[in-house]
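Colleague: First the structure, then my questions, so here it is.
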Amino acid sequence: MSVEMPLWRAIGYFRVLALAYAVLRYFDSYLEFRHPVTGWIYLGALTLWTLASTRAFAGPQRCTWYVLGFDLAAAVTGIVMSGAIDAPARIHGGAPTLPTIWAAGTVLGFAGKGGWKPAALAATVIGLANILGHGGITPDNLHNIVLLMVAGCAIGYVVELARASEAVLTRALQVEAATRERERLSRDIHDGVLQVLALVQRRDGDPAGPGELGRLAAEQERLLRALMTTGPVLAVPAGAADGDGADQDLAQLVRAHADERITVSAPGTPVLLPARAAAEVAAAVGAAVDNVRRHAGEGARAWILVEDEPDAVTVSIRDDGAGFPADRLGEAEQAGRLGVSQSIRGRLRDLGGTAELYSAPGEGVEVELRVPRKGN
């Protein structure tokens with residue numbers, strides 16, 4: 001909902017309440033007018049117009065300039081008519097016009113539609129009508145005109161700021177959405193094509209690997225074509241395609257990484273997360289395990305610990321490999337190697353969680369993934 005809509009609702013309520021006030025004021029003093037019947041005819045017409053235009057004053061799209069122009073004409077007509085049907089003594093004594101504060105609703109409508117400049121124009125027209133048609137230049141008229149001008153310009157300026165802020169926010173959300181989509185594409189490419197290219201590089205000259213490399217290349221071609229035509233293809237395990245509403249056992253997904261070098265410790269009971277969250281965390285664990293196999297060293301071992309807490313699930317991946325200096329991740333990201341920042345940290349960030357990495361030369365690497373449970 002637009003930030004302007006509460007303001008337009010307030011203007012609509014104000015017009016109805018101001019109409020009721022104008023009718024009550026006239027009912028209290030109509031016998032003092034020279035032509036009271038004319039006043040009742042005007043207020044009857046004003047009532048019909050106010051009720052008929054209530055839907056138009058529900059928002060800037062419905063409230064066209066034609067509607068506002070007719071509204072301004074109704075206010076000016078009532079002000080000028082007041083000078084013709086009221087007693088001169090009452091007019092010079094500061095008696096209110098027939099529409100009284102209802103005319104302020106017209107100025108507010110101009111402010112909501114076009115900002116402070118149209119509001120100032122409408123206030124000027126109503127002010128001139130008061131001076132020329134109802135009492136001339138008097139302290140009461142000047143006081144009312146100043147209040148009307150200040151209120152209209154202030155509301156119009158606030159509307160302009162609100163629209164500008166909403167436009168900036170919309171643009172920021174579009175940029176954020178585009179950035180997240182680019183990050184998801186980067187993760188898909190990193191987890192697929194780039195990994196296959198790295199495998200090709202490692203097996204360069206190995207005569208035993210052409211068949212396997214061909215199969216991997218064909219698979220990545222299929223995934224890339226799907227990526228270009230239907231969007232990112234997540235590695236969602238079987239049974240996890242039902243979306244966030246279906247729970248998935250994260251421990252079962254993580255145990256798939258266990259082998260002679262990788263030890264997995266998890267609770268004996270299922271560690272349930274929404275399917276998408278479980279798939280993303282499992283993919284981040286897979287990226288961390290792949291880093292162990294590629295960078296920790298031939299004899300390095302790794303341990304994966306899954307902890308099921310009331311408000312979050314934590315997965316720790318620790319290895320006894322060579323480790324790396326603290327500034328290595330920043331250098332890798334600047335060089336365009338985005339495995340940690342996208343495949344691990346990016347996934348957890350999209351889930352509202354965190355991914356922390358701790359390492360030092362000769363001390364291995366520890367990765368801690370933490371994802372909050374929904375509703376906490």
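The values are calculated or read from the model by the stated rules, or taken from the named source; none is laboratory data. What you see is a predicted model, and the numbers here were worked out from it, not measured in a lab. Reconstructed Cβ throughout: ideal geometry from the backbone, glycine too, with neighbour counts over all protein chains shown. These area figures cover heavy atoms from the full protein model, side chains too; ligands, DNA and RNA do not enter into them. Shrake-Rupley method; radii C 1.70, N 1.55, O 1.52, S 1.80 Å.
Colleague: Among (1) open to solvent by less than 40 Å² (accessible area, probe 1.4 Å); (2) charged (D, E, K, R); (3) more than 16 Å from THR354 (Cα to Cα), there is one condition ARG294 misses while meeting the rest; what is its number?
Modeller: (1)
Colleague: Another question, then. Residues in the range 149-164: is at least one more than 25 Å from PRO36 (Cβ to Cβ), open to solvent by 60 Å² or more (accessible area, probe 1.4 Å), in a helix (DSSP H, G or I) and among the charged types (D, E, K, R)?
Modeller: Initial filter on the range 149-164 (more than 25 Å from PRO36 (Cβ to Cβ)): 149-164.
Filter once more, so that each one left must be open to solvent by 60 Å² or more (accessible area, probe 1.4 Å): 150, 157-158, 160-161, 163.
Right, trim to in a helix (DSSP H, G or I) and you get 150, 157-158, 160-161, 163.
Filter again for among the charged types (D, E, K, R), leaving 160, 163.
Yes, some residue in the range 149-164 is more than 25 Å from PRO36 (Cβ to Cβ), open to solvent by 60 Å² or more (accessible area, probe 1.4 Å), in a helix (DSSP H, G or I) and among the charged types (D, E, K, R).
Colleague: Only one of (1) part of a loop (DSSP other than H, G, I, E, B); (2) at pLDDT below 80 fails for PRO310. Which number is that?
Modeller: Failed condition: (2).
Colleague: Shifting gears a bit: Got at least one residue in the range 68-81 being among the aromatic types (Phe, Trp, Tyr), in contact (Cβ under 8 Å) with a residue 24 or more places away in the chain and open to solvent by 50 Å² or more (accessible area, probe 1.4 Å)?
Modeller: Just the residues of the range 68-81 that are among the aromatic types (Phe, Trp, Tyr), to begin with: 70.
Checking the rest, the ones that are also in contact (Cβ under 8 Å) with a residue 24 or more places away in the chain come to none.
The answer is no, given that none of the residues of the range 68-81 is among the aromatic types (Phe, Trp, Tyr), in contact (Cβ under 8 Å) with a residue 24 or more places away in the chain and open to solvent by 50 Å² or more (accessible area, probe 1.4 Å).
For (1) within 39 Å of the chain's Cα centre (by Cα); (2) open to solvent by 20 Å² or more (accessible area, probe 1.4 Å); (3) touching a residue at least 60 places away in the same chain (Cβ under 8 Å), each residue gets a yes or a no:
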| site | (1), (2), (3) |
| --- | --- |
| ALA45 | no, yes, no |
| GLY83 | no, yes, no |
| PRO99 | no, no, yes |
| THR124 | yes, yes, no |
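Colleague: Given the conditions (1) closer than 22 Å to ALA73 by Cα; (2) open to solvent by 60 Å² or more (accessible area, probe 1.4 Å), report the number of the one that ARG34 does not fulfil.
Modeller: (1)
Colleague: Scan the range 189-206 and give yes if some residue there is surrounded by 11 or more Cβ atoms within 10 Å (Cβ to Cβ) and at pLDDT 65 or above, otherwise no.
Modeller: no
Colleague: Assuming ALA300 fulfils every condition listed in (1) over 36 Å from the mean Cα position of the chain (by Cα); (2) crowded, with 19+ Cβ neighbours inside 10 Å; (3) at pLDDT 85 or above apart from one, which condition is it?
Modeller: (2)
Colleague: Can I ask one more? Quick check on my filter: what residues within the range 259-286 are open to solvent by 30 Å² or more (accessible area, probe 1.4 Å), under 21 Å from GLU298 (Cα atoms) and either touching a His at 6+ places or on another chain (Cβ under 6 Å) or touching a residue at least 12 places away in the same chain (Cβ under 8 Å) (or both)? Give the steps one after another, and end with the answer.
Modeller: Residues of the range 259-286 that are open to solvent by 30 Å² or more (accessible area, probe 1.4 Å), as a first pass: 259-261, 263-270, 272, 276.
Those left that are additionally under 21 Å from GLU298 (Cα atoms): 259-261, 263-264.
Listed by number, the residues that qualify are ARG261, THR263, VAL264.
Colleague: Here is a follow-up. Could you please let me know if VAL365 is open to solvent by less than 80 Å² (accessible area, probe 1.4 Å), modelled with pLDDT under 90, within 32 Å of the chain's Cα centre (by Cα) and farther than 22 Å from ASP247 by Cα?
Modeller: So VAL365 fails the test.
Here's the yes/no breakdown for (1) at pLDDT below 85; (2) charged (D, E, K, R); (3) under 22 Å from ARG373 (Cα atoms):
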site: GLY239; (1), (2), (3): yes, no, yes
site: GLU260; (1), (2), (3): no, yes, no
site: GLY268; (1), (2), (3): no, no, yes
site: LEU272; (1), (2), (3): no, no, yes
site: ALA296; (1), (2), (3): yes, no, no
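Colleague: Please indicate, with yes or no, whether at least one residue in the range 62-73 is closer than 16 Å to ALA18 by Cα, at pLDDT 90 or above and not polar (S, T, N, Q). Working first, answer last.
Modeller: Within the range 62-73, the subset closer than 16 Å to ALA18 by Cα is 71-72.
Right, trim to at pLDDT 90 or above and you get 71-72.
Then drop every residue that is not not polar (S, T, N, Q), which leaves 71-72.
Yes - at least one qualifying residue is present in the range 62-73.
Colleague: Does TRP40 satisfy the condition of being modelled with pLDDT of 90 or more, surrounded by 13 or more Cβ atoms within 10 Å (Cβ to Cβ) and either out of contact with any Gly (no Cβ under 6 Å at 6 or more places or on another chain) or farther than 20 Å from GLY109 by Cβ (or both)? If you could, list the steps in order and put the result at the bottom.
Modeller: Numbers: modelled with pLDDT of 90 or more: yes; surrounded by 13 or more Cβ atoms within 10 Å (Cβ to Cβ): yes; either out of contact with any Gly (no Cβ under 6 Å at 6 or more places or on another chain) or farther than 20 Å from GLY109 by Cβ (or both): yes.
The answer is yes for TRP40.
Colleague: Within the range 50-64, can one find any residue that is loosely packed, with under 12 Cβ neighbours inside 10 Å and of a type in the set (Gly, Ala, Ser)?
Modeller: Scanning the range 50-64 turns up at least one residue that is loosely packed, with under 12 Cβ neighbours inside 10 Å and of a type in the set (Gly, Ala, Ser).
Colleague: Please indicate, with yes or no, whether at least one residue in the range 271-278 is part of a loop (DSSP other than H, G, I, E, B) and under 23 Å from GLY362 (Cβ atoms). Reasoning before the result, please.
Modeller: Within the range 271-278, the subset part of a loop (DSSP other than H, G, I, E, B) is 271.
Applying the additional criterion that residues be under 23 Å from GLY362 (Cβ atoms) yields none.
Checked the range 271-278: no residue is part of a loop (DSSP other than H, G, I, E, B) and under 23 Å from GLY362 (Cβ atoms).
Colleague: Of the residues VAL281, VAL292, VAL254, VAL285, which single one is under 20 Å from ALA360 (Cβ atoms) and either modelled with pLDDT of 90 or more or not in a strand (DSSP E or B) (or both)?
Modeller: Numbers: VAL281 fails: under 20 Å from ALA360 (Cβ atoms); VAL254 fails: under 20 Å from ALA360 (Cβ atoms); VAL285 fails: under 20 Å from ALA360 (Cβ atoms).
From the options VAL281, VAL292, VAL254, VAL285, the qualifying one is VAL292.
Colleague: Restricting attention to the range 135-148, which residues are over 21 Å from GLY69 (Cα atoms) and either open to solvent by less than 50 Å² (accessible area, probe 1.4 Å) or in contact with a His (Cβ under 7 Å, 6 or more places away or on another chain) (or both)?
Modeller: GLY135, GLY136, THR138, ASN141
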